[in-house]
Amino acid sequence: MKLLFCSHLDDPNEWIPELKKHMPDLEVEVWPTVKNPADIDAILVWLPPAEGGLALFPNLKVIQSLGAGVNQLDLKSLPRHIPLARLVDPGLNVSMRDYCVWAVLRHYRGLDRHAEHQPQKKWVYYIPPPKSAVSVGVMGLGELGGEVAKAVADLGFSVRGWSRSPKTIDRVACFSGLGGLREFASSTDILVCLLPLTPETRGILARPLFEMLPRGAKLINVGRGDHLVEADLIPAIEAGQIASATLDVFSHEPLPQDHPFWTHPKITVTPHVAAFGAAVSAAPVVIENLRRAMAGKRLLNQVDIDRGY
Ligand code: NDP
Ligand code: OXD
């Protein structure tokens, strides 16, 4: 079987030995060095080739995303007969959980206020309310959102979650669908977005949702940049509706140099690093999917193209 590794972000020198550990006879080529595109059976991909896309490989049998999110693959353009799997990897879960715990605690403990006070040499106490009185609301209760909801519940916060289909999760008040959004949001003090980007979720972090939150809520967006209507955020902060935001993802990445988020005192910017997959933990799942594709079986974590995730 011949696999094409196609990513400008991930390191093939890290991935290839891990993949070969689980399938020693796997042949791997690394984009853009491809001997014969017709020989490629499988692609492990973050972004497809800019010119020609996946249509360059006429005998492709499986597409394995290097991302947990797959919107960057432009699902509408994909050949429908080739199965696509998103990345589910314990390494991603751990790094996303750690990032969100850091961001939630930072907002909760008012660490930004202390950072603001330090250059002014101001000694100002801020004692937060008990954690049980602070509600963290997680949008998206899948692999990553489910893990984050559990981690913040373990810390003692009151936790709510929102998903497409109804769920029952220990220690998490669960809401679903558009019908459940207002009730979910109305008591969410710290909002974490871990949704996939689909036509339904694009632009969901916008003024109407901000107005459903309690005044002074905090926002953490680790889903995709286009979940947020960027033009709505600074006015919501200036109006006091949103107190502060931590953003890891943006409509345009890298965030343009002249973007006002870079310098806003209430906005923390990180460069799409909330979670990172690890070849050592992800390779077994990727190889299992190559075997499944060759056997004509359903992939693990196969994307439902119509649903968009
Ligand atoms: P999953 O597919 O496991 O979970 C998605 C969750 O979102 C599910 O609970 C799903 O509901 C819910 N959902 C989907 N559509 C809607 C909707 N219209 N309304 C309400 N809920 C909805 O995804 P993961 O947890 O693995 O990943 C989530 C996202 O995190 C990725 O798509 C990606 O965008 C982002 N991500 C960001 C990273 C970063 O570094 N910043 C790294 C990795 C991922 P249901 O359970 O009912 O299906
Ligand atoms: C992903 C990402 O989707 O890194 O895995 O954003």
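Here are some notes:
- Extension gain, Glu51 back to Asp306 (0.36 nm per residue minus Cα-Cα distance, nm): 89.3 nm
- FRET efficiency, Arg207 to Gln118 (Cβ-Cβ, R0 51 Å, nearest 0.05): 0.95
- Between 0 and 90°, nearest 10: helix 90-108 axis offset from the chain longest Cα axis: 10 degrees
- Isotropically averaged projected area of region 132-277, using the convex hull of Cα atoms (one quarter of hull area), nm²: 8.5 nm²
- In a fully extended conformation the segment linking Ser251 and Thr168 would gain 26.6 nm over its present Cα-Cα distance, using 0.36 nm per residue.
- Note on His81 and Ser281: their simple-model spin labels are 3.7 nm apart, each label 7 Å out from Cα toward Cβ.
- Solvent exposure of the chain, expressed per residue, is 49 Å² of accessible area, with all protein chains present and a 1.4 angstrom probe.
- Along region 257-263 the Karplus relation, 6.51 cos²θ - 1.76 cosθ + 1.60 evaluated at θ = phi - 60°, assigns HN-Hα couplings of 3, 8, 6, x, 4, 4, 10 Hz to successive residues, with x for each Gly and Pro.
- Annotation for region 1-75: GluC sites (Glu not before Pro) lying in DSSP loop with at most 13 further Cβ atoms inside 10 Å of their Cβ are Glu51.
- For region 189-263, the fraction of alpha-carbon pairs in successive 10 Å shells from zero, as %: 20, 57, 23, 1
- In terms of packing, defined here as the mean over residues of other Cβ atoms within 10 angstrom, the peptides 290-302, 269-281, 90-102 line up highest first as 90-102, 269-281, 290-302.
- Inter-site label distance for Val88 and Tyr126 at 7 Å from Cα along Cβ, in nm: 3.8 nm
- Degrees separating the helix 177-186 axis from the principal Cα axis of the chain, which is the longest one: 30 degrees
- Other-chain or far-sequence residues with amide H under 5 Å of Thr246's (modelled H): Leu219, Ile220, Asn221, Thr268
- Value at 222 nm in deg cm²/dmol, rounded to 500, when DSSP H runs of n ≥ 4 in the chain each add -39,500 (n - 2.57): -9000 deg cm²/dmol
- Accessible carbon and sulfur surface of region 64-219 relative to its total accessible area, %, 1.4 Å: 54 percent
- Cα pair distances exceeding 18 angstrom across region 63-192, given as percent: 63 percent
- Within region 199-243, the GluC sites (Glu not before Pro) that combine a DSSP coil assignment with at most 15 other C-beta atoms in a 10 angstrom radius are Glu200.
- Checking every one of the trypsin sites (Lys or Arg not before Pro) in region 27-77 against DSSP loop status and a limit of 16 other Cβ atoms within 10 Å picks out Lys35.
- Each eigenvalue of the Cα gyration tensor of the chain, multiplied by 5 and square-rooted, gives one semi-axis; in descending order these are 38, 20, 18 Å.
- 31 Å Cα-Cα threshold exceeded, pairs from Lys76/Lys150; Lys2/Lys76; Lys35/Lys297; Lys61/Lys167: Lys76/Lys150; Lys61/Lys167
- The C-alpha atoms of the chain define a longest principal axis, and helix 143-154 lies at about 30 degrees to it.
- Under Karplus coefficients 6.51, -1.76 and 1.60, residue-wise ³J(HN,Hα) of region 31-45 in Hz, glycine/proline x: 3, x, 8, 10, 5, 9, x, 6, 8, 7, 8, 9, 10, 10, 9
- Every Cα-Cα pair of region 31-70 was included, and the share exceeding 16 Å stands at 30 percent.
- Put simply, the C-alpha atoms of region 1-98 give a gyration tensor, and the ellipsoid matching it has half-axes of 21, 18, 12 Å, longest first.
- Relative contact order, percent, region 228-309 [alpha-carbon distance under 8 Å, six or more residues apart]: 21 percent
- Spacing of the modelled spin labels on Leu111 and Lys297, each 7 Å from Cα toward Cβ, amounts to 4.3 nm.
The values are calculated or read from the model by the stated rules, or taken from the named source; none is laboratory data. Note that this is a predicted model, so its numbers are computed, not measured. Every residue, glycine among them, receives a Cβ derived from its backbone with ideal geometry; neighbour counts consider all protein chains shown. These accessible areas exclude ligands, DNA and RNA; they are computed on the full protein's heavy atoms, side chains included. Shrake-Rupley method; radii C 1.70, N 1.55, O 1.52, S 1.80 Å.
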